[in-house]
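Okay, structure first, notes after.
The values are calculated or read from the model by the stated rules, or taken from the named source; none is laboratory data. Please read these numbers as outputs of a predicted model, since none were measured by experiment. Heads up, the Cβs are rebuilt from the backbone with ideal geometry, glycines too, and the neighbour counts pull from every protein chain shown.
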């Protein structure tokens with residue numbers, strides 16, 4: 001549910017009523033009604049929830065302190081509501097079309113939150129390491145949980161996350177500064193990025209306690225990665241003596257706050273919206289791109305950097321400098337005179353990148369499916385010894401994980417694919433089969449390797465390999481040097497374009 005509420009199109013805004021209803025149910029209803037009117041202007045952009053707090057005051061406050069003037073004790077006792085009054089507030093939120101949310105501060109209140117069918121259960125910062133309460137929530141039937149982490153070390157948050165994950169809870173974490181009100185210098189919103197990196201599979205939010213005069217913090221939190229925003233709300237009633245504390249917002253402040261968040265959301269945008277502008281951007285940039293011109297009279301079949309040069313302005317239908325990439329083979333259809341602009345209708349472009357990307361996607365998914373972990377920043381090297389068009393028959397793919405005095409690679413062989421005969425003068429290598437089977441020929445001797453088998457190939461030994469089933473295997477070796485592979489077929493040895501590289505993970 002929580003991931004559905006923060007699915008990239010809409011973030012979740014939580015309006016915290018707390019004790020600002022003042023124990024006056026009509027005042028609470030006025031808060032819900034008044035702030036709902038503002039929310040309705042933004043329902044296409046955000047999801048909304050109203051949040052309350054439950055305490056069993058008979059046991060939450062020790063009996064010896066029922067007459068105490070301690071600030072929090074008095075606030076809780078003076079703002080009590082009856083069960084029927086809570087029902088009125090819950091029904092009011094639902095009638096406005098918004099979600100309900102509640103923070104239980106004791107075990108009895110957990111049962112009440114579930115009984116009253118709140119959409120989301122919230123855990124307060126003060127309770128994140130209250131293990132009797134946490135275990136009660138963990139053992140409860142409630143799945144949708146948001147927890148604030150004010151004052152908690154990352155180790156404490158990890159312990160909490162691990163426990164809730166083992167309980168299969170639908171969890172989100174709210175970054176929170178438990179200083180009331182929070183000054184600008186204490187917000188440290190960059191920590192939201194740290195939480196997103198540490199807990200990438202769950203939503204991260206921002207529970208705010210700054211002054212109502214500060215209206216741009218949510219937008220900055222959104223830019224840092226927050227997708228849930230919790231704001232304390234209140235209404236002033238001078239006749240009844242109801243004021244607004246320093247970390248809650250009135251209607252005017254809330255309106256400015258959410259408008260600022262909306263403006264930030266518009267500016268930040270989305271990947272899909274950015275991609276919608278690419279064609280317009282490319283049109284705007286074309287006049288700045290260099291066109292391809294013939295350096296000499298060209299009669300050869302293939303264009304390359306040796307027989308062309310690049311200049312502006314370019315013609316509308318002219319081949320551009322960015323077309324000359326390692327993934328493009330550009331063949332001319334007829335001779336081109338020196339200094340002539342080379343036009344698209346004069347050439348044939350064979351773009352191999354889609355084929356390389358297809359190979360990459362198959363390998364990436366197969367590695368993931370076989371639980372073989374690869375660092376995100378690793379390049380996939382695709383060897384196509386006789387051209388990409390013959391890759392299904394001749395080729396191999398490799399990922400170099402370490403290459404120092406020692407080297408570790410992961411190699412991938414497609415079914416019925418051969419790696420032609422070659423040898424190394426410097427490198428000694430050992431193959432360890434992880435998945436599938438591999439037929440290796442070393443100095444005309446054949447080896448059938450299956451999962452778990454190991455084979456060492458000495459320096460200078462000619463070897464080739466192929467797989468009928470497909471194979472994933474480790475290569476452990478001495479340092480790999482790019483010029484230390486010698487193929488017995490001179491056609492391969494002389495082919496300087498027999499390798500293509502692409503990132504294994506493109507996002």
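Could you please let me know if residue 307 is surrounded by 12 or more Cβ atoms within 10 Å (Cβ to Cβ), out of contact with any strand residue (DSSP E or B) (no Cβ under 7 Å at 6 or more places or on another chain) and over 14 Å from residue 502 (Cα atoms)? Talk me through it step by step, then tell me what you get.
Working: surrounded by 12 or more Cβ atoms within 10 Å (Cβ to Cβ): yes; out of contact with any strand residue (DSSP E or B) (no Cβ under 7 Å at 6 or more places or on another chain): no; over 14 Å from residue 502 (Cα atoms): yes.
No: the conditions fail for residue 307.
Residue 276 passes every criterion in (1) within 22 Å of residue 44 (Cα to Cα); (2) surrounded by fewer than 16 Cβ atoms within 10 Å (Cβ to Cβ); (3) assigned by TED's automatic domain parsing to the domain that holds residue 226 apart from (3). Being buried (at least 20 other Cβ atoms within 10 Å of the Cβ) and closer than 19 Å to residue 484 by Cα is not true of residue 391. Among the residues of segment 455-469, some residue qualifies, meaning at least one is on the phi > 0 side of the Ramachandran plot and in contact with a strand residue (DSSP E or B) (Cβ under 7 Å, 6 or more places away or on another chain).
Given the criterion touching a residue at least 24 places away in the same chain (Cβ under 8 Å), crowded, with 20+ Cβ neighbours inside 10 Å and in contact with a helix residue (DSSP H, G or I) (Cβ under 6 Å, 6 or more places away or on another chain), identify the matching residue among 146, 123, 128.
Working: 146 fails: in contact with a helix residue (DSSP H, G or I) (Cβ under 6 Å, 6 or more places away or on another chain); 123 fails: in contact with a helix residue (DSSP H, G or I) (Cβ under 6 Å, 6 or more places away or on another chain).
Going through 146, 123, 128 in turn, just one is touching a residue at least 24 places away in the same chain (Cβ under 8 Å), crowded, with 20+ Cβ neighbours inside 10 Å and in contact with a helix residue (DSSP H, G or I) (Cβ under 6 Å, 6 or more places away or on another chain): 128.
Return yes or no: is residue 300 assigned by TED's automatic domain parsing to the domain that holds residue 49 and either within 30 Å of residue 336 (Cα to Cα) or without any contact (Cβ under 8 Å) to a residue 12 or more places away in the chain (or both)? Give the steps one after another, and end with the answer.
Working: assigned by TED's automatic domain parsing to the domain that holds residue 49: no; either within 30 Å of residue 336 (Cα to Cα) or without any contact (Cβ under 8 Å) to a residue 12 or more places away in the chain (or both): yes.
Taking the combined requirement at face value, the residue does not satisfy it.
Criterion first (more than 35 Å from the chain's Cα centre (by Cα), over 19 Å from residue 380 (Cβ atoms) and crowded, with 18+ Cβ neighbours inside 10 Å) does residue 449 satisfy it? Yes: the conditions hold for residue 449. Only one entry of 168, 237 meets the criterion of being out of contact with any strand residue (DSSP E or B) (no Cβ under 9 Å at 6 or more places or on another chain), closer than 26 Å to residue 155 by Cβ and touching a residue at least 24 places away in the same chain (Cβ under 8 Å), and that entry is 168.
Scanning segment 208-227 for residues that are touching a helix residue (DSSP H, G or I) at 6+ places or on another chain (Cβ under 8 Å) and closer than 18 Å to residue 39 by Cβ yields a total of 6.
Scanning segment 55-99 for residues that are surrounded by fewer than 13 Cβ atoms within 10 Å (Cβ to Cβ), in contact with a helix residue (DSSP H, G or I) (Cβ under 8 Å, 6 or more places away or on another chain) and farther than 23 Å from residue 118 by Cα yields 65, 66.
Right, residue 381: within 30 Å of the chain's Cα centre (by Cα), surrounded by 15 or more Cβ atoms within 10 Å (Cβ to Cβ) and not in a strand (DSSP E or B) or not? Here the answer is no, as residue 381 does not meet what is asked. Residues that are in contact (Cβ under 8 Å) with a residue 60 or more places away in the chain and out of contact with any helix residue (DSSP H, G or I) (no Cβ under 7 Å at 6 or more places or on another chain) within segment 21-32 comprise 22, 24, 27, 30, 31, listed in sequence order.
Going by the structure shown, is residue 404 out of contact with any strand residue (DSSP E or B) (no Cβ under 7 Å at 6 or more places or on another chain) and either assigned by TED's automatic domain parsing to the domain that holds residue 476 or surrounded by 15 or more Cβ atoms within 10 Å (Cβ to Cβ) (or both)? Here the answer is yes, as residue 404 does meet what is asked. Scanning segment 485-507 for residues that are farther than 14 Å from residue 387 by Cα and surrounded by 15 or more Cβ atoms within 10 Å (Cβ to Cβ) yields 485, 487, 502, 504. Among the residues of segment 442-484, those that are assigned to a loop (DSSP other than H, G, I, E, B) and farther than 26 Å from residue 362 by Cα comprise 443, 444, 458, 459, 460, 461, 462, 479, 481, 483, 484.
Table: residues versus (1) outside the structural domain of residue 234 (by TED's automatic domain parsing); (2) outside any strand (DSSP E or B); (3) in contact (Cβ under 8 Å) with a residue 40 or more places away in the chain; (4) within 21 Å of residue 122 (Cα to Cα).
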position	(1), (2), (3), (4)
44	no, yes, no, no
49	no, no, yes, yes
59	no, yes, yes, yes
69	no, yes, no, no
74	no, yes, no, no
86	no, yes, no, yes
101	no, no, yes, yes
108	no, yes, yes, yes
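The single condition among (1) farther than 24 Å from residue 268 by Cβ; (2) in contact with a helix residue (DSSP H, G or I) (Cβ under 7 Å, 6 or more places away or on another chain); (3) modelled with pLDDT of 95 or more that residue 38 does not meet is (1).
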